[in-house]
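Here the structure is laid out as structure tokens; the discussion comes afterwards.
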Amino acid sequence: MKMPPRDGPPSSGGATGPPSSRSPGPLSTRMPGSPSSARGALSPTQVVGRSITDQIETVLAQFLSPAVRKSVIDCGIRQARVDPLYAREGDLRRLLVEVKRGVKLFVRDQAQLDRCITELGELDHAAPAPREITIEVRNEEDVLRARSAGRELCIEHLVSDVLQTKIVTAISELGRNIVRYAGNGQVIVRSLTSPMRAIEIVAQDHGPGISNLQEILSGKYRSRHGMGAGLRGTKALMDAFDVKTAPGAGTTVTVRKYLG
């Protein structure tokens, strides 16, 4: 029986002794994906992609049946337009966002849903750190700067176009109220990661305050500039809404949009 040839240099033309007397060559330490690596080896990016889908599967196994969790992951991959074997960190973050949306359709117990969302969030090692941007508001140009700041954070946190539009619209309404009724103030836009991912907007001024807040929010009052509609519209767009005001003490409006 003919044996296959050994790897390495041929035995003739330079061998100093029989094969048994030669020491073995060094072990290969080539990185996967390098030109000299074995065909079929996964690149580092592929390893990351496969690892994250395996981790998602492990988390979902605590809450969903095999068929449902496969459906959630497959749908998330399609919606995020991600190839899990060639995904970058930003792609994987989009996948996690879509998987969380799918989970909300199937996990009915709120405590279990909160735990599932939290554990999925812990897989997002590429998530940007929370930060905030403060814009001094005195005129319409400053309102546009505040809108741009909000859009910047939305893009950074991969916020969908629909939610981004709502967030930027709320910034516009609150910023214009400052210009029209207080003359100057601040708009603070910040990203939050705990207890849930969110974009928070704080609009504060030291103007005359609002003496008839409940009348405005109920829809019974509307100024010639549309202040009532602006506050009510902002409340409708956001998931959390709070106003602190008093005559002569200024106004602070805080709103949040949760990102899932």
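The values are calculated or read from the model by the stated rules, or taken from the named source; none is laboratory data. Keep in mind that what you see is a predicted model, and the values were worked out from it rather than measured. Neighbour counts run over all protein chains shown; Cβ positions are idealised from the backbone, glycine included.
Report whether or not Q164 is in a helix (DSSP H, G or I) and touching a Lys or Arg at 6+ places or on another chain (Cβ under 7 Å). So Q164 fits the description; yes.
The numbered conditions (1) part of a loop (DSSP other than H, G, I, E, B); (2) more than 20 Å from L192 (Cβ to Cβ); (3) in the same structural domain as T193 (by TED's automatic domain parsing) are all true for L158 except (2). Exactly one residue out of R224, R180, R256 is surrounded by fewer than 18 Cβ atoms within 10 Å (Cβ to Cβ), at pLDDT 85 or above and among the basic types (K, R), and it is R180.
Criterion applied to R180, R108, R115, R101 was being among the basic types (K, R) and not assigned by TED's automatic domain parsing to the domain that holds R78, and the one residue passing it is R180.
Entry remark, region 97-121: residues being part of a loop (DSSP other than H, G, I, E, B) and of a type in the set (A, V, I, L, M, F, W, C) number 1 in total. Only residues that are modelled with pLDDT of 90 or more, farther than 14 Å from I56 by Cα and β-branched (V, I, T): list them for region 75-110, please. Answer for region 75-110, where residues must be modelled with pLDDT of 90 or more, farther than 14 Å from I56 by Cα and β-branched (V, I, T): just V107.
When each of L123, L96, L105, L144 is tested for being more than 18 Å from S191 (Cβ to Cβ) and either polar (S, T, N, Q) or within 16 Å of the chain's Cα centre (by Cα) (or both), the lone residue that passes is L123. The set of residues from region 122-155 being small (G, A, S), surrounded by fewer than 17 Cβ atoms within 10 Å (Cβ to Cβ) and assigned to a helix (DSSP H, G or I) comprises just one member, S148. Are any residues in region 192-202 surrounded by 19 or more Cβ atoms within 10 Å (Cβ to Cβ) and modelled with pLDDT under 95, and if so, which ones? Correct list: R197, A198. Check region 205-212 and report whether any residue there is surrounded by 18 or more Cβ atoms within 10 Å (Cβ to Cβ), in a strand (DSSP E or B), touching a residue at least 40 places away in the same chain (Cβ under 8 Å) and at negative phi. Within region 205-212, one or more residues are surrounded by 18 or more Cβ atoms within 10 Å (Cβ to Cβ), in a strand (DSSP E or B), touching a residue at least 40 places away in the same chain (Cβ under 8 Å) and at negative phi.
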